[in-house]
1. 222 nm [θ] for the chain, helices only, -39500 (n - 2.57) per DSSP H run of 4+, per residue, to 500?
2. According to the Cα gyration tensor, what semi-axes, each the square root of 5 times an eigenvalue, does the equivalent ellipsoid of the stretch 206-295 have, listed from largest to smallest in whole Å?
3. Please state the shape class of the stretch 144-187: rounded when a/c is under 1.5, otherwise prolate if a/b exceeds b/c and oblate if not, all from the C-alpha gyration tensor.
4. Under a no-solvent Debye model with one identical scatterer per Cα of the stretch 81-162, what's log10 I(q)/I(0) at q = 0.15, 0.24 Å⁻¹?
5. What shape does the stretch 1-55 have by the C-alpha gyration tensor, where a ≥ b ≥ c are the square roots of the eigenvalues, rounded means a/c under 1.5, and otherwise prolate means a/b greater than b/c and oblate the rest?
6. So for the stretch 145-295, considering every pair of alpha-carbon atoms, how many percent are separated by more than 24 Å?
7. K53: which aspartates and glutamates have alpha carbons under 17 Å from its alpha carbon, excluding same-chain residues fewer than 8 sequence positions away?
8. Could you list M268, M100 in order of exposure, starting from the residue whose Cβ has the fewest other Cβ atoms within 10 Å?
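Read-outs throughout are calculated quantities, based only on the coordinates presented, and are distinct from any laboratory measurement. What you see is a predicted model, and the numbers here were worked out from it, not measured in a lab. Cβ placement follows ideal geometry from the backbone for every residue including glycine, while neighbour counts extend to all protein chains displayed.
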Amino acid sequence: MENIVPVVDAAIKKSGLSLKDIDGIAFTQAPGLIGALLVGGQFAKSLALSLNKPLIAVHHMQAHVLANLLQEPAPAFPFLCLTVSGGHTQIVLCSSPTSMKVIGETIDDAAGEAFDKTAKLLGLPYPGGPLIDKYAQLGEAIYKFPEPKIDNLNFSFSGLKTSILYFLNNAGTANVYKEELIVDTKVRKQFIDENLNNICASVQERIISILINKLKKAVLQTGITNVCVAGGVSANSDLRKALTETGIALGWKTFIPAFEYCTDNAAMIAISGYYQYLANDFSPINIAPTASSSF
Ligand SMILES: Nc1ncnc2c1ncn2[C@@H]1O[C@H](COP(=O)(O)OP(=O)(O)OP(=O)(O)O)[C@@H](O)[C@H]1O
Ligand SMILES: [Mg+2]
């Protein structure tokens, strides 16, 4: 609440526009932390009412997908987007800026959670994704963690998390992924300290292979070869490399947004608002924010 007015003021100043130049007020309606959504939503409504401009409710996950349209060259429609963030892992089929369908998603943890929870098991601070990425560059993927067996386009990361837990609790004894044979905490810590880079490289390799294999499957099923990525995990250096290399090998056109458009950003809400404005997709003033919402 304290920050919203100065942030909007600063954005208006930096843009070189004035409020009267603005045609509509877009805001994130869902999903997200309800406190933040309430503050943004309430402010957007007040602004729309006072300026007599249309109000445009944007879906946060659709906006992550449309972040790919912020840069040139932009993907042609239809395209597939792998959205990998802190709370979501989805494959989205995007037919137009206002028409999207989730064709695969996680049935438990998100990819970002898999990184963050692994980091926690390794004693690393939150958010663990960037740190695992950093240590992975110094190690080799010598440990082979199991890949979940799911036939459709959905993902699962909770089994991987459990196998990492057992593996660490057994100090990597002969690649043990079972619960028995737990070593004492000193041995466990020593094992992690001595093998951190290789453990990170191995976990990272598995998370990425899960993501890339599903994406390959989605391309085969849909015949769509324009492939984009979105969300904070797309900052991962090996994921970016794997996407580029897979794209070259299989003849896809891949699009990887600049880092500032991968994580949460206001530009992705603005471009979503722009396309909804063109489609006359406006919202009533009594629209309420929602913490969780699929599309
Ligand atoms: N280099 C990296 N490698 C792996 N993961 C990373 C990297 N950089 C960031 N992440 C992960 O990205 C996630 C945060 O992404 P993001 O900010 O897009 O999520 P969010 O907006 O909180 O989630 P959602 O959009 O689903 O509500 C964290 O889980 C973080 O660990
Ligand atoms: Mg987000």
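1. -15000 deg cm²/dmol
2. Three semi-axes, in Å: 30, 16, 14.
3. Prolate is the answer for the stretch 144-187, as a/c is 1.5 or above and a/b outweighs b/c.
4. After summing over all Cα pairs, the log10 values are -0.63, -1.18.
5. oblate
6. 54 percent
7. Hits, sequence-local ones excluded: D21, D23, D281.
8. M100, M268
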